[in-house]
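To start, the structure itself, in structure tokens.
The values are calculated or read from the model by the stated rules, or taken from the named source; none is laboratory data. Since this is a predicted model, take the numbers as computed values, not measurements. Heads up, the Cβs are rebuilt from the backbone with ideal geometry, glycines too, and the neighbour counts pull from every protein chain shown. Calculation scope for accessible area: heavy atoms of the full protein, side chains included, ligands and nucleic acids excluded. Shrake-Rupley method; radii C 1.70, N 1.55, O 1.52, S 1.80 Å.
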Amino acid sequence: MPDQLSSDLASLRIPREEGRPRGRGLRILLGLVLLAGAAVAVYVLAFPAVKSKVFRPEVALTEILLVSPAQESVRLTAAGYVVPQVLTKVSAKIEGRIAKVAVKEGQKVKAGELLFQLEENEPRSRLLAAQSRVLAARANAEAARAQLLEVRQQASRQKILAQKGAAARATAEDLAARAVALEGQVKATEAQIKVAQSDVELAKVGLKLMAIIAPIDGTVISKPPSLGDLVGPQTGAIVELADFGSLVVEADVPEGRVHLVKRGAPAEVILDAFPDRRLRGEVLELGQRVNRAKATVLVRVKFVDAAEGVLPDMAARVGILE
């Protein structure tokens, strides 16, 4: 019986070797926790330094503005556009088709230079017809004068014979009346000559108008029409010429700040097309009326520096200086 009890108690005893795996698991878990903590510490402390060396830092983009020393004395700024003060729109004064185009867009021309030539067949035919009528009227006038001279001589002879009783007085009177009628005919033919000559001059003017010439020195700023196009007074302007030497900037200045602008005051012009260029300017004149809708006054600023590359209708900013 005691032996049986001893064997039962021995079967209930827990060996020391079976408890060891549980202590080993706790140590492994504790090691993992320590490794995780070390990893977090490394990420927090070391990763920013490594990131700055390995990865390219982000750069915030911004705009760089070019500031000139003159902007320190700017009293006010205004926006506007480049406008030529000398601008003309050339049109055809007589209807016709273009036979020759002598210019192209951007070309510089002189006053009196040929721009377009219209077809001359019809006006030249009118001129020849008018000249023919002049010749015919002159011939008729010469014939009427010769006939008048003959009748006058006959009337003079008949009058002398009638006074001597050698001829009837009625014949002399008839010849005198005929001479008066011929005088009227001569005057009529002379009037026809004048009318025909007027037609000739009118035809010459029409023929001259077939050549369209430049009225001013300037630059062609619009696309010319093509060969064969029909032009005339009803078509309006066929080409525009601008004098680039008269370019100014027209800017709107608020009505409340017009007192800051004086004629002849220095200015600085900045063109949107050339933002890195600063052109010297000078206030040319102030407008003589206020724009009610915008409550502004127009100010014209001329270029002091050479306006190379500046074109009409370019956007510009004007700074009025002290």
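A few remarks follow.
- Selection from segment 70-103 of residues that are basic (Lys, Arg) and under 20 Å from Gly236 (Cβ atoms): Lys89, Lys93, Arg97
- Residues in segment 299-322 that are under 20 Å from the mean Cα position of the chain (by Cα) and of a type outside the set (Gly, Ala, Ser): Arg300, Val301, Lys302, Phe303, Glu308, Val310, Leu311, Pro312, Asp313, Met314, Arg317.
- Segment 87-157 holds strands (runs of 3 or more DSSP E) entirely within its bounds, and those carrying 1 or more residues that are touching a Lys or Arg at 6+ places or on another chain (Cβ under 6 Å) and touching a residue at least 40 places away in the same chain (Cβ under 8 Å) map to 114-118.
- Residues in segment 265-277 that are in contact with a Leu (Cβ under 8 Å, 6 or more places away or on another chain) and not aliphatic (A, V, I, L, M): Pro266, Glu268, Pro275, Asp276, Arg277.
- From the options Ala306, Ala293, residue that is surrounded by fewer than 12 Cβ atoms within 10 Å (Cβ to Cβ), at pLDDT below 90, among the small types (Gly, Ala, Ser) and not in a helix (DSSP H, G or I): Ala306
- Segment 131-146 - residue that is within 13 Å of Glu190 (Cβ to Cβ) and charged (D, E, K, R) and, of those, modelled with the lowest pLDDT: Arg145
- Selection within segment 309-322 - open to solvent by 70 Å² or more (accessible area, probe 1.4 Å) and in a strand (DSSP E or B): Arg317
- Criterion (modelled with pLDDT of 90 or more, more than 28 Å from Val90 (Cβ to Cβ) and open to solvent by 30 Å² or more (accessible area, probe 1.4 Å)) met by exactly one of Leu149, Leu128: Leu128
- Number of the exception - Ser125 against (1) touching a Leu at 6+ places or on another chain (Cβ under 7 Å); (2) among the hydroxyl-bearing types (Ser, Thr, Tyr); (3) over 25 Å from Leu247 (Cβ atoms): (1)
- Considering Arg75, Arg97, Arg56, the condition of being at pLDDT below 70, out of contact with any His (no Cβ under 7 Å at 6 or more places or on another chain) and of a type in the set (Lys, Arg) is satisfied by Arg56 alone.
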